[in-house]
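Read-outs throughout are calculated quantities, based only on the coordinates presented, and are distinct from any laboratory measurement. All values reported here derive from a predicted model rather than from experimental measurement. Virtual Cβ from ideal backbone geometry, glycine too; neighbours counted across all protein chains shown.
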Amino acid sequence: MDKIVIEGSYPLRGEIRISGAKNSAIKLMAVPLLTDRPVTLTNMPRLRDTRSMGGLLEHLGLSVEQDGDSTLKLHAPDLAGTEAPYDLVRKMRASFNVLGPILAREGQARVSLPGGCAIGARPVDLHLKALEALGAKIELEQGYVIASAKGGLKGAEISFPFVSVGATEHAMLAAVLAKGETVLMNAAREPEIVDLADCLNAMGAKITGAGRSEVRIEGVASLSGTTHSVVPDRIEAGTYALAAATAGGSVRLTNVRHDHLGALWPLIAQAGARVSLDDDSVLIERGTGRPNPVDIDTSAYPGFPTDLQAQFMALVGLADGTSIIRENIFENRFMHCPELIRMGADITVRGREAIVRGVPEYVGAPVMATDLRASASLVNAGLAARGETHISRVYHLDRGFEHIEVKLGNCGAHIRRMPDEEG
């Protein structure tokens, strides 16, 4: 097992190209299950999670071919089976979304309940209720979901009791081949939803309203193949923007959809960094001196993303004043706080609220990554810290960041990956 070692207190200067979005790529990889025609995905990130999803798809009978660094060719003329076993699904929650496409195509599916980061329960109840609304019969047996729809899925009105990105995507994937119209109400509005709809529509699906709270899907008999470019990763972009604001310096991010982070840029500016937006790039600059305190509340898109909460905390942990951070999406998503405290942060957690009293500096320390985004916050803190920071369990980082030590190293960070003898 590897660890990341960072010698901090070096400002970042340079350019970072943002990869394709992890949260979009994984769901797009399930799309070829719906058609017997080839699907090519470009701007694909090469991550631990995409490799895990590729292994599951190969088990299901898909041809998965990597073409260069960022192109993936997927083809399933026939499926080898309809079961997604625990050993493959447990590695990543998003792989559970193969259930709907397999069910829509084959009329039956047996898929293990998922695993993933330990940041709260994140139940799949909404996924299963959506499939039941579409006419599926659902049974739970020894940790598996057994679904059947002998007469095929049928369009329905589905109203989500709260916004769920995964459930919205799953319902879309199943409904595109259902008979009749499906209406999703209180649907998630994230850019990844729009990206999925764009890909499916290019294949012949009839989806309208993606990116709004009501999505309409007119079922079609079959889908063709397509070539689709994965949307740039807004969370990766936000993470590196916050890295530059935390460590100081000047970093230009390229291949960015800055309109996907409209809630972030004003808050980075409020913290004291300069933000310059261009057509497909963003420049983040911050000089010497401590950041300003900033309060944030996470919320569903277009609000402040929960996936950037930990990274923002690393920034305001150095502020000249006190910040209040409220986590409204996931429970138990403050697990990075004890690790930041090991580096000198002054943080008090009360339920879903963290009170962050800024300190003059962080001090390098051995810390442990607890989930994907928490590990990114420790990297950002380590970049600004005095001395060396050793981050263990970096397999969490590898789930969502492509060559993070290379991208930061190219901007002057003193960062390296090395074997963790204690891991």
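What nm distance separates the two modelled labels at residue 416 and residue 295, each placed 7 Å from Cα along Cα→Cβ?
Modelled inter-label distance: 4.5 nm.
Could you tell me whether segment 339-379 comes out rounded, prolate or oblate from its Cα gyration tensor? Rule is a ≥ b ≥ c as square roots of the eigenvalues, rounded for a/c under 1.5, then prolate if a/b exceeds b/c, otherwise oblate.
Working: a/c = 2.17, a/b = 1.09, b/c = 1.98.
In terms of gyration-tensor shape, oblate.
At 7 Å along the Cα-to-beta-carbon direction for both residue 159 and residue 349, put a label point, then send me their distance in nm to one decimal.
3.6 nm
Could you give each residue of segment 288-297 its phi-based ³J(HN,Hα) in whole Hz, using Karplus coefficients 6.51, -1.76, 1.60 with θ = phi - 60°, and x for Gly or Pro?
6, x, 7, x, 8, x, 9, 8, 9, 10
Excluding residue 63 itself, calculate the net charge of residues whose Cβ lies under 13 Å from the Cβ of residue 63, where each Lys or Arg counts +1 and each Asp or Glu counts -1. Write down the numbers at each step before the final one.
On the way: positive: 37, 73; negative: 36, 58, 65, 67, 78.
With Lys, Arg at +1 and Asp, Glu at -1, the net is -3.
Within the set 22/137; 22/73; 22/91; 150/179; 91/150; 27/73, which residue pairs have Cα atoms separated by over 21 Å?
On the way: 22/137 31 Å; 22/73 17 Å; 22/91 15 Å; 150/179 13 Å; 91/150 30 Å; 27/73 15 Å.
The answer is 22/137; 91/150.
Which of the listed residues, 397, 202, 153, is farthest toward the dipole's positive end in the chain, when Lys, Arg count +1 and Asp, Glu count -1 at the beta-carbon?
153
What number comes out for the charge environment of residue 293, summing +1 per Lys or Arg and -1 per Asp or Glu over other residues with Cβ under 10 Å away?
Value of the local net charge: 0.
If each of residue 331 and residue 69 carries a label point 7 Å out from its Cα toward its Cβ, how far apart are those two points in nm?
Simple spin-label model gives 4.3 nm for this pair.
Dipole of the chain, Cα-centred, from +1 at each Lys and Arg C-beta and -1 at each Asp and Glu C-beta, to the nearest 20 debye? List each step's numbers first, then the result.
Details: 44 positive and 51 negative charges, 54 e Å.
Dipole size: approximately 260 debye.
Taking the Cα centroid of segment 349-423 and of segment 171-193, what is the distance between the two, rounded to the nearest whole Å?
37 Å
Once you have a ≥ b ≥ c as the square roots of the Cα gyration tensor eigenvalues for segment 240-348, tell me rounded if a/c is under 1.5, and otherwise prolate or oblate according to whether a/b is larger than b/c.
Working: a/c = 1.98, a/b = 1.26, b/c = 1.58.
Judged from the Cα gyration tensor, segment 240-348 comes out oblate (a/c at least 1.5, b/c at or above a/b).
How high is the FRET efficiency between residue 206 and residue 320 when r is their beta carbon distance and R₀ equals 56 Å, given to the nearest 0.05?
Numbers: r = 54 Å, r/R0 = 0.96.
Using R0 = 56 Å, I get an efficiency of 0.55.
Suppose R0 equals 30 Å. What FRET efficiency, 1/(1 + (r/R0)^6) with r the Cβ-Cβ distance, do residue 13 and residue 279 give to the nearest 0.05?
Details: r = 22 Å, r/R0 = 0.73.
Given R0 = 30 Å and the Cβ-Cβ separation, E is 0.85.
Relative to the longest principal axis of the chain, what angle (0 to 90°, nearest 10) does the C-alpha long axis of helix 234-247 take?
Roughly 10 degrees, rounded to the nearest 10.
Tilt of helix 372-384 relative to the longest C-alpha principal axis of the chain, in degrees (0 to 90, nearest 10)?
20 degrees
So what J values fall out for segment 126-142 if you push phi through Karplus, 6.51 cos²θ - 1.76 cosθ + 1.60 with θ = phi - 60°, rounded to Hz, Gly and Pro as x?
Taking θ as phi minus 60°, the curve returns 5, 4, 5, 5, 5, 5, 5, 4, 7, x, 7, 9, 10, 10, 10, 8, 6 Hz for segment 126-142.
For segment 22-229, rounded, prolate or oblate, judged on the Cα gyration tensor with a ≥ b ≥ c (square roots of eigenvalues), a/c < 1.5 rounded, else prolate if a/b > b/c?
Values: a/c = 1.26, a/b = 1.12, b/c = 1.12.
Rounded shape, in that the Cα axes give a/c under 1.5.
Where does the charge balance sit around residue 79 when Lys and Arg score +1, Asp and Glu -1, over other residues with C-beta under 11 Å from its C-beta? Spell out each step's value before the answer.
On the way: positive: 105; negative: 36, 78, 83, 106.
Cβ neighbours under 11 Å give a net charge of -3.
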